[in-house]
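Down below is the structure, laid out as C-alpha cells.
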Amino acid sequence: MAQYIIEATHTPAECQKTLDAVMLAGAHWLTNSQWGCMSGDHTAWIIVEADSDAEAQRLVPPPVRSKAKVVRLTRFTPEQIRAFASHAKS
Ligand SMILES: [Zn+2]
C-alpha cells in the first residue's frame, strides 16, 4: 500500500455541492479531509492508502474526481537524501 494525497479545488459557488458530495461519500472522507474554504482557498486535501494510482483515483468521490489531483507520496530517509546529494555532485 502506498499513501496518496488527493487535492481537489472548487469554486466558492461549488462549495456547498462539494461538501454535500464528500458527506455522502462517507464518514471517512469527512473525518479525514481538510479544507481551505474558511481561509478563502477552496481546496480540499485528504491522504488515503491505495495499491495503485488507478485505485487512488477510484477512491475519489465521483462529483469531485474530475477536478482532483492524485499524487503518490514518498517519505525520504536521511540516507536517501545524502545519496541524492552525492549523485548531484558527481
Ligand atoms: Zn469551498
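Every number in this text was worked out from the coordinates using simple rules, so none of it is lab data. Everything numeric here is computed off the predicted structure, so don't read it as measured data. So basically every Cβ, Gly included, is an ideal-geometry build from the backbone, and we count neighbours across all protein chains shown.
Annotations for the structure displayed:
- Filter result for A68 (within 14 Å of the chain's Cα centre (by Cα), within 16 Å of the ligand (Cβ to nearest atom) and of a type in the set (A, V, I, L, M)): yes
- The sole residue among Q34, Q16, Q3, Q80 that is surrounded by fewer than 16 Cβ atoms within 10 Å (Cβ to Cβ), touching a residue at least 60 places away in the same chain (Cβ under 8 Å) and either within 16 Å of the ligand (Cβ to nearest atom) or of a type outside the set (S, T, Y) (or both) is Q3.
- Residue match in region 41-49 (condition: within 12 Å of the ligand (Cβ to nearest atom), assigned to a helix (DSSP H, G or I) and among the small types (G, A, S)): no
- Region 1-22, residues that are of a type in the set (G, A, S) and assigned to a strand (DSSP E or B): A2, A8
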